[in-house]
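Below is one structure; the comments refer to it alone.
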Amino acid sequence: MSLLDTLEGFTGALREAGVPAGTSEVLDATRVLGAIDLLDRPQLRAGLAAALVKRPVHRPTFDLLFDLWWPTAVGDPLELTQRRDDESGDEAGEPGEPDLDALRDELRQLLLTGDDEALRRFARLAVAELGHAGAQPGRQSWFTYRVLRALSPETLIASMLDALLAGEPRGGLAEQVARQRLQERIAALRAHVEAEVRRRVAEERDRDQVARSALPPLADQVDFLRAQREELAAMRRTVHPLARRLASRLAARRRLGREGRLDVRRTVRASLGTGGVPVETHHRPRRVHKPELVVFCDVSGSVAGFAHFTLMLTAALREQFSRVRAFAFIDTCDEVTRLFGPGADLADSVRRLAREADLVAYDGHSDYGNALRVLVERFPDAVGPKTSLLVLGDARTNYRDPGLALLKGLVDRSRHAYWLNPEPRREWGSGDSMAYRYGEVIEMVECRNVAQLTDFVGRLLPV
Amino acid sequence: MGVVQTPLFGSAAEVGERLSEVGYLADPATATTVFLADRLGKPLLVEGPAGVGKTELAKAVAAVTGSGLVRLQCYEGIDEARALYEWDYRKQLLRLQVDRDAGETGWDVERGHIFSEEFLLARPLLEAIRRTEPTVLLVDETDKADVEVEGLLLEVLSDFQVTIPELGTVAAQRRPFVVLTSNATRELTEALKRRCLYLHLDYPEADRERAIVLERVPEIGEQLAEQLVRTVRALRAMELKKAPSIAESIDWARTLVTLGLDTLDAEAVRTTLGVVLKHASDAARATTELKLS
């Protein structure tokens, strides 16, 4: 396969994975190939990335595909062949069982010293030694979990901590910092092993198929309901940048219609520079109407991740509203606004929410009807004519009273009302989902991932 | 591009070496991208969190290549008159007055007079195009400018020319090396991104960050620098409002040196945490998670 064919296949795979590499990007990539040292793999990676990837969210996809189209090597790593040659010198015969203790010792050293290139080499060796599960026709024969289970790097942490702390007392700052460092290194090892396993699988099977099955969804396309704990944490970390982005987009929209009333004083002052001729007029900024936002959210089990993220986002956008009030519910409802006040650590607020608010009266399963009743009875002034009401939940009522009339009353009293549902639209109305019934009294919006939520909040914000 | 000129750098490795001579320790990816931007004659768009050295990169490139740095600082509401060029209407009005007093009037006379180079105020973009000496054009915080300004940049960045209706088209004698920076507070337009090579500058690896700290604050010493970088990395792993960047690491190093501290224990971190974390809630979180109290 020629270089240009590889590039073409690679950019095709990028596009298929949702990275918008257009004609001009591909032309640039071709010129990059002509300008750099092709034997220097990191340079090739950086050069192609500069031409083809223009948004950081696309970078993981790029790296994964790059490793498949420009693999580090073919077949077993060189070190392994050498080692086997050495062994067969004195033992003669076929390669024996891998020496697990020696491997774990080596890993321990590598995790302590922190040389990334050496760790990558080790990962390749470990995959060759431990990752293979006897070839069965038509089945995948390389596995990440085999390698990680055999090496079980987590069990090395205790002894490595001792080495790193070198006699300093446990439990303090030093231990936390050392732990963080080790976790970082183990994550790196895992990533190297996964990449190597993908490479070996792709060698035996179809590369396009491996690419398709291994590609993670883009960070803002991860389903709230399916997200893992780490993915949710990663999402929460993006709340503040996201809020900033939304706020500046809003400021830009406001500026478009910026002409308020004429500011006579500033116009006259400016005209002095042009001999009293008012060449430029100045205007007062227009007053912005800021609505009150009331968030009413289901924080039970599966939808909690979604509710937490949305609560944090609305709290981070507080300045855009005249007031934000938050109510959380499971089978009964409580106000949680105080947890999301100015200067609050939002991630911490989310954790305190379950502990400090009074959300469960019976069994801890969502009860929309009761929650709505409590909201209306205990906080009758919550929703008024200036309020934008936001309901968050999957509309799964556990076959209990949905409280449709109560919700309708709230919607009628409010200025705007929306229901954000983290379930895919095709599942609405199935089982105990009352999505379509609620949809008759309130506008229900599908909100499965950060991209959809961002889109919605962007439209909700007042211009 | 139209302009043929000798490249500034011979290889990606050379970029890294020369940048390190002026104290900018670039990672190989950065060096490669700078090298390519020069070779391919394309502007370089650098995006990343605040304080990781985006602006410094442009300054360092200018310093090692002996180029003049022309800087366009973007802000909300920046317009053509601030970015490209402007007619000096005050001077033009004066000239009209003088001509009238001298009895020289008539449109043809005036047009020749008041729309000439003398009355043109070159703003950074035009200035960078007109310079004949080697030039680095830095368009800083591009994301702060409005979308219309990006449209303005397109002609300059793809053809390296500026069209002034009254004077004609000014094409670059010598193509400037262009660096655009952005904090990603908004997504830049596709059209602009397409014309650029893209570099995402993130927090550096531990070794590089230690080297940067030692480069900037040599008094700190290997061991303390190592401790400091490890602690900063632990802070970045937390869910913070604003994670500390390299600028904060360097500030922290200076603070430790000034206070004469020679080890970074819980006590030292607690008293100087304000240098690294700028929100009270972030500081509170770090105190619990790092078990400082």
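The values are calculated or read from the model by the stated rules, or taken from the named source; none is laboratory data. As the structure is a computational prediction, the values presented were derived from the model and not from experiment. Cβ atoms come from the backbone with ideal geometry, glycine included; neighbour counts cover every protein chain shown. Heavy atoms of the whole protein, side chains included, go into the accessibility calculation; ligands, DNA and RNA do not. Shrake-Rupley method; radii C 1.70, N 1.55, O 1.52, S 1.80 Å.
The charge dipole of the protein assembly as shown, taken about the Cα centre with unit charges on the Cβ atoms of Lys, Arg (+1) and Asp, Glu (-1), comes to about 3100 debye, rounded to the nearest 20. Can you list the aspartates and glutamates whose alpha carbon is less than 16 Å from that of residue A:290, not counting same-chain residues fewer than 8 positions off? The qualifying aspartates and glutamates are A:319. Shown is the FRET efficiency for residue A:40 and residue B:118, computed with R0 = 45 Å from the Cβ-Cβ distance and rounded to the nearest 0.05: 0.30. Would you calculate a helix-derived [θ] at 222 nm for chain A, using -39,500 (n - 2.57) for each DSSP H run of n ≥ 4 and dividing by the full residue count, to the nearest 500? Rounded to the nearest 500, it is -16500 deg cm²/dmol. Return the subset of B:54/B:241; B:59/B:144; A:386/B:241; B:54/B:144 for which the Cα-Cα distance in this structure is over 23 Å, preserving the input order. From B:54/B:241; B:59/B:144; A:386/B:241; B:54/B:144, over 23 Å: A:386/B:241.
Accessible surface of residue A:268, taken over heavy atoms with a 1.4 Å probe and every protein chain present, rounds to 80 Å². Calculated FRET efficiency, residue A:225 to residue B:148, Cβ-Cβ distance, R0 = 41 Å: about 0.55 to the nearest 0.05.
Basic side chains Lys and Arg get +1 at the Cβ, acidic Asp and Glu get -1 at the Cβ, and with that the dipole of the range A:94-206 about its Cα centre reaches some 400 debye.
The calculated P(r) of the range B:92-220, using every Cα pair and 10 Å bins from 0, goes 10, 27, 23, 21, 11, 5, 3, 0 in percent. Express in whole angstrom the spacing between the alpha-carbon centres of the range A:346-403 and the range B:140-217. If we compute the Cα centre of each part, the gap is 48 Å.
The stretch between residue A:70 and residue A:132 holds 20.1 nm of extra length on full extension. This uses 0.36 nm per residue minus the Cα-Cα distance. With a 1.4 Å probe rolled over the protein heavy atoms of all chains, the accessible area of A:362, B:198 falls in the order A:362, B:198, largest first. Between the DSSP loop rule and a limit of at most 16 other Cβ atoms within 10 Å, which chymotrypsin sites (Phe, Trp or Tyr not before Pro) in the range A:363-426 are left? Those that pass, being in a loop and sparsely packed, are A:399. Using only Cα atoms, locate the centre of the range A:219-235 and the centre of the range A:31-48, then give the distance between them in Å, rounded to an integer. Cα centroid to Cα centroid, the span is 33 Å. Computed over chain B with a Gaussian network model linking Cα atoms closer than 10 Å, the most mobile of B:194, B:175, B:131 is B:194.
Between 0 and 90 degrees, the angle of helix A:3-16 with respect to the longest Cα principal axis of chain A falls at about 40 degrees. Given axes a ≥ b ≥ c from the Cα gyration tensor, I'd like to know whether the range A:142-238 is rounded (a/c under 1.5), prolate (a/b larger than b/c) or oblate. Note, shape of the range A:142-238 comes out oblate. Taking Rh as the Kirkwood radius computed over C-alpha pairs, what is the Stokes-Einstein D of the protein assembly as shown at 4 °C in a medium of viscosity 1.567 mPa s, expressed in µm² per second? Using the Kirkwood radius from Cα pairs, D works out to 43 µm²/s. With the simple model of a label 7 Å out from the Cα in the direction of the Cβ, residue B:207 to residue A:190 spans 2.4 nm. When only the Cβ of Lys, Arg, Asp and Glu is charged (+1, +1, -1, -1), the dipole of the range B:27-88 relative to its Cα centre reaches about 320 debye.
Among rounded, prolate and oblate, which fits chain B when a ≥ b ≥ c are the square roots of the eigenvalues of its C-alpha gyration tensor, a/c under 1.5 means rounded, and a/b larger than b/c means prolate? Prolate is the answer for chain B, as a/c is 1.5 or above and a/b outweighs b/c.
What's the Cα-based Rg to Rh of the range B:122-189, Rh via Kirkwood? Expressed as Rg/Rh, it is 0.98.
Accessible surface ranking for B:6, A:113, 1.4 angstrom probe, highest first: B:6, A:113. Cα centroid separation, the range B:70-118 to the range B:219-242: 53 Å.
Only Cα pairs within less than 10 Å get springs; with that Gaussian network setup on chain B, which residue of B:239, B:127, B:104 has the largest fluctuation? Highest fluctuation of the listed residues: B:104.
Just B:137, B:192, B:180 to compare: in a GNM of chain B, with alpha carbon springs under 10 Å, which one fluctuates most? The residue with the greatest mean-square fluctuation here is B:192.
Neighbours of residue A:214, meaning other residues whose beta-carbon lies under 15 angstrom from its beta-carbon, give a summed charge of -2 when Lys and Arg score +1 and Asp and Glu score -1. A dipole drawn for the range A:94-206 from +1 and -1 charges on Cβ atoms has a positive end, and of A:177, A:161, A:202 the residue lying farthest that way is A:202.
Using a simple spin-label model with pseudo-atoms 7 Å out from Cα toward Cβ, residue A:267 and residue B:20 lie 6.2 nm apart.
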